[in-house]
1. Could you put B:GLU272, B:GLU279 in order, starting from the residue whose Cβ has the fewest other Cβ atoms within 10 Å?
2. Which of the three applies to segment B:142-293, rounded, prolate or oblate, going by the alpha-carbon gyration tensor with a ≥ b ≥ c and a/c under 1.5 meaning rounded?
3. Within the set of other residues whose C-beta is less than 10 Å from the C-beta of A:LEU136, count the net charge using Lys and Arg as +1 and Asp and Glu as -1.
4. Would you work out if segment B:4-280 is rounded, prolate or oblate? Take a ≥ b ≥ c from the square roots of the eigenvalues of the alpha-carbon gyration tensor; rounded if a/c is under 1.5, else prolate when a/b is larger than b/c, oblate otherwise.
5. Can you give the helix-only mean residue ellipticity at 222 nm for the protein assembly as shown, where every DSSP H stretch with n ≥ 4 adds -39500 (n - 2.57) and the sum goes over all residues, rounded to the nearest 500 deg cm²/dmol?
6. List the pairs from B:LYS145/B:LYS237; A:LYS97/A:LYS142; A:LYS110/A:LYS142; B:LYS28/B:LYS170; B:LYS46/B:LYS129 whose alpha-carbon separation is above 26 Å, in the order I gave them.
7. Relative contact order of segment B:215-306, please, whole-number percent, based on alpha carbon pairs below 8 angstrom and at least 6 residues apart.
8. Quick check on the protein assembly as shown: take the gyration tensor over C-alpha atoms, sort the square-rooted eigenvalues as a ≥ b ≥ c, and tell me if it's rounded (a/c under 1.5), prolate or oblate.
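Derivation of every value follows stated rules applied to the coordinates shown; laboratory data play no part. In this text, all values refer to a predicted model and were calculated from it rather than measured experimentally. Positions of Cβ are generated from backbone atoms using ideal geometry, with glycine treated the same way; all protein chains shown enter the neighbour counts.
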Amino acid sequence: MLQLQKVSLEIQGDIDFEILKNINLEFHEKKIYVVTGPNGGGKSSLAKTIMGVYNPTSGQILLDGIDITAKNITDRARLGIGYAFQSPPRFKGIKVKELLKMAASHNPEKVNICDLLYDVGLCAQDYLNRDVDTSLSGGEMKRIEIATVLARNLKVAVFDEPEAGIDLWSFQKLAETFKNIHSKYDTTIILISHQERIMELADEIIIMSNGTVSAQSERDIILAGIMNNDSCTCSAKCVKGVGQNAECVG
Amino acid sequence: MLNALDKLMLEKVADLHEIPQGAFNIRKNGAGVQRNTTANIDIVTKEDKSGIDVIIKPYTKGESVHIPVIVTEENINDVVYNTFEVGEYSDVLIVAGCGIHNSGHHKSQHDGIHTFFVRKGAKLKYVEKHYGQGDGNGERVLNPKTIIEVEEGAVVELELIQIKGIDQTKRDTEIRLMDNAKLVVTERLLTYQDQEAESNITVELSGVDSSAQIISRSVAQDDSKQTFYFDLIGRNKGRGHIQCDAIIMHNAQVLSTPRISAHHSEAQLVHEAAIGRIESEQLIKLMSLGFSEQEAEDTILNGFLK
């Protein structure tokens, strides 16, 4: 179980800016959480703070009751935290299969690299020997990035906008893959996403805005709330809460 | 005749664990020590100067020639002129590494001047690896010069690798491509401490529809210095692409000077060059897979120089 207690993150510059403000969250085993909310609300910063890329200015992060706030990225990875980048880095001279083998190297279970690629909608034969460099498209990189996290035996897996740049067919495959992990393993899955279809996978949805958690509840309650949200961006008066066929009036 | 140190050097520069199969010529401390020829590949000592002629008969397929040079003493200044005649429609591998073990305080130097004639329709893969070791403060210096004439329809693949232990190197490579000839050059270079390396590659696209691709990757660490000059000249309809990437670390310096010049309206020449440090995102990615920072850095550099 992962807990964030009064976690704040401040970026210091000409003007100090608080990205995360006094965040209190609890993530339980075998549950899927979707973190959503407007751009710049602190979602990716939250993910990076969990992985140890950012060190909180104050507050504590606990994994299974142990304080990991002072631990670096490597230590947290070895304790079972994983993170799939929103914009994954590329590596010249490293092949897809080599990167996936590196990812699986600390996993006590035998991992089939080809199955991993299949799970993210890529044909193993076409990709195993390709370099993880600019020859791969954004969508391909994104899927390989997700596969590196799936390769690991994790307590907490954080995926930052996993659906970005992924085509419709692969999206379906990906959704199934998240469901499979959910049913087979005890991993806590945290998905940062704006996609309704990703939200449908969630046990709980967390809404972040302005660096704070503005809502956290079971999926259906939050989804219903989003559908009835008064802050609709429609320029005209809008008939709200009637699903996808809502019509603008006036 | 070859001791354990010699064998280690051979392994480093030519991936040889045993005496090689096929044609070979092993040169140690300025003199030939062992040679083998085959029915298709002859090796003859030059009479007018130090060096050998390697003559590969036309249509020789799937054979290799190893010509490693090892220097295990200090105060050696070895200059050698080797000429390679790669016969028409042959398909061969030539491995020419140089390993220096200098435990002394005086300089050891080997300058290999290699001239290749790759005849019509032939395929040549040429690998040159440089390696140095030794505890002494005697400098290990290698100054290779490679000249390659690639005739009509011939294909040349060049691998130039210097990963460890050479204090000073100045590498000159000049290649001329005739009609439909194809060239791929892969250069890998690592320098550290106060090593200095200079690599000059000139490629002339002389024939119609010739093509050249030069991929250079280097890592400069500590106080080392690297200088690159790439010169791609399009004299006819053809395509040429230079891609050079350097990772710079610590107090190192990298100077890269590209030049592309076209003398024909259908010459297409491209140059891409980048110098930069290891991206922090790359380190973070590998650390998030459980690698330490040092392991992540080593993995990135090993991949880059592969």
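1. Ascending Cβ contact count within 10 Å gives the list B:GLU272, B:GLU279.
2. Prolate.
3. Summing Lys/Arg as +1 and Asp/Glu as -1 gives +1.
4. Note, shape of segment B:4-280 comes out oblate.
5. Value at 222 nm, helices only: -5500 deg cm²/dmol.
6. B:LYS145/B:LYS237
7. Relative contact order comes out at 30 percent.
8. prolate
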